[in-house]
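In what follows, a single structure is set out as structure tokens and then discussed.
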Amino acid sequence: MTIKQFFGGVHPQENKISRHYHLEKIFSPGLLFVHLSQHIGKIAKPLVKQNDYVLKGQKIAEADGLISATIHSPVSGKIKEIKDFLHPVIGDKLPVIVIENDGNNKSIDFTSKYKEYFRFDNNEIVRVIQNSGIVGLGGAMFPTHVKLSPKKEIETVLLNGCECEPYLTCDDKLMQEYSREIVEGLRIIMYVLDAAKGIVVLEDNKPESIKKMKDVVSHVPNVDIVCVKTKYPQGAEKQLIKTILNKEVPLGGLPMDVGVVVQNVATSYAIYNAVVKGIPLFERAVTVSGDINRIGNFMVPIGTLVSDIVKTLNIDITKTNKIILGGPMMGVSVGTMEVPTIKGTSGILFLKDRIKDYPFGPCIRCSKCVRVCPMGLMPNFLSLYIEHEMWDKVKFFSPKDCIECGCCSYICVSKRPIVNQIKFAKSVIK
Ligand code: SF4
Ligand code: SF4
């Protein structure tokens, strides 16, 4: 077992309190709010209209161009309406398809003719993945079919099982309960990319998953497990590539520039389901955790409102004052429970925010943020110049290379909101 490190990073309290909870199916609510934008790229185009009847797994919206993704119904029922509704990441109203669940769980025929995927042309397998609406489930939501059609030769596929965000444990549980399927998904990815090597990377705080994945991988040629020290943001693509392969993705470049493709374990599981079982992506594993009475890992139909999850699980939120979708470092804080899950929702955290709102202080030049920045940026100068809107200076310090990991804000003794400032600067410069 090799233990390796990358530059920078922080060690936030792990709080993986839901790690021992098995993946449970959660009920499908009466109404589902399925967003047409659940991916990087163009909003999908609806294929249904009001009062249409749809089956579980039926395609209800199609990708608009290459950088887009198809959407499938998570339940059977009637299309109630298509309207604008709050988006959990963008924070604005965007189109959703509202489906009235009839509770009959009637689905399309899920049989797949691609069980022996290696007998088919790899482009055909990519089309199956594209038609199944798969996007990066680690949170990035980049359409997977695009990542699987690189213009360069790929030597290695890194399967990211680090799950370095505090609280989140759904990938950990997936690896324990669906290890064989995840490794088979990796082999499909390797086949499609004609990659010689597959490496599953886990942090050393997941002993059960390491054991399970090792058991499976021991029978699989050209696939290895590498265990890395627990450190945030271990799961970031560029950090993972540097740590495992000692290769540096050039500034402004992509992993394929160094012959690598990185996929998340949940995406690999979705690829297995799509190719081998014929099941498109309409539900995902989500960690529900925080300062609440009911925590766990759940298979949640995409489009389920946070308020419905709270009702179903009888969650007492009276001691909490913050809801975060995703992890506490990179997730998005939402001000309402009337917001639905999307393909990128890996966690729903209900937290008692112990840090009271107070104005941030001046930079005391301690340089802690510089020492933790995994991208080797100067967050202190970025913060300062953004605060004073000195955009030429801001550009000089290359905010576009920031991966928005939040390490700088986490470590800053003056509680400067550096990552939020950088996000703002990126939008201004764009
Ligand atoms: S500047 Fe960006 S990449 Fe560097 S620590 Fe801050 S958020 Fe992370
Ligand atoms: S950590 Fe905060 S106070 Fe210290 S140098 Fe960075 S911005 Fe300044």
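The values are calculated or read from the model by the stated rules, or taken from the named source; none is laboratory data. None of the values given here were measured: they were computed from a predicted structure. No Cβ is skipped: glycine too gets one built from the backbone with ideal geometry, and neighbour counts run over all protein chains shown. These area figures cover heavy atoms from the full protein model, side chains too; ligands, DNA and RNA do not enter into them. Shrake-Rupley method; radii C 1.70, N 1.55, O 1.52, S 1.80 Å.
For the stretch 145-240, the helices (runs of 4 or more DSSP H) that sit wholly inside it and include 1 or more residues that are at pLDDT 95 or above, touching a Lys or Arg at 6+ places or on another chain (Cβ under 7 Å) and open to solvent by less than 20 Å² (accessible area, probe 1.4 Å) are 170-177, 179-193.
So for the stretch 80-90 (the condition being at pLDDT below 95, within 24 Å of Lys147 (Cβ to Cβ) and in contact with a helix residue (DSSP H, G or I) (Cβ under 9 Å, 6 or more places away or on another chain)), does at least one residue qualify? The answer is yes; a qualifying residue exists. Tell me, please, whether a residue that is assigned by TED's automatic domain parsing to the domain that holds Met213, surrounded by fewer than 18 Cβ atoms within 10 Å (Cβ to Cβ) and within 25 Å of the chain's Cα centre (by Cα) can be found in the stretch 91-103. Within the stretch 91-103 (the criterion being assigned by TED's automatic domain parsing to the domain that holds Met213, surrounded by fewer than 18 Cβ atoms within 10 Å (Cβ to Cβ) and within 25 Å of the chain's Cα centre (by Cα)), the answer is no, since none of the residues qualifies. In the stretch 293-306, the condition of being open to solvent by 40 Å² or more (accessible area, probe 1.4 Å), part of a loop (DSSP other than H, G, I, E, B) and touching a residue at least 40 places away in the same chain (Cβ under 8 Å) is met by no residue. Selection of the stretch 359-404 for residues being more than 11 Å from ligand 2 (Cβ to nearest atom) and in contact with a Gly (Cβ under 8 Å, 6 or more places away or on another chain) yields Pro374, Met375, Gly376, Lys400, Asp401. Of all residues in the stretch 279-292, those satisfying the criterion of being open to solvent by 20 Å² or more (accessible area, probe 1.4 Å) and either closer than 22 Å to Lys106 by Cα or without any contact (Cβ under 8 Å) to a residue 24 or more places away in the chain (or both) are Ile279, Glu283. Entry remark, the stretch 384-425: residues being open to solvent by less than 40 Å² (accessible area, probe 1.4 Å), within 9 Å of ligand 1 (Cβ to nearest atom) and either touching a residue at least 40 places away in the same chain (Cβ under 8 Å) or not in a loop (DSSP other than H, G, I, E, B) (or both) number 10 in total. For Ile429, the conditions (1) more than 14 Å from ligand 2 (Cβ to nearest atom); (2) surrounded by 13 or more Cβ atoms within 10 Å (Cβ to Cβ); (3) not aromatic (Phe, Trp, Tyr) all hold with the exception of (2).
Scanning the stretch 21-41 for residues that are modelled with pLDDT of 95 or more, open to solvent by 20 Å² or more (accessible area, probe 1.4 Å) and not in a strand (DSSP E or B) turns up Tyr21, His22, Gly30.
When Gln58 is tested against the conditions (1) out of contact with any strand residue (DSSP E or B) (no Cβ under 6 Å at 6 or more places or on another chain); (2) touching a residue at least 60 places away in the same chain (Cβ under 8 Å); (3) crowded, with 18+ Cβ neighbours inside 10 Å, the lone failure is (2).
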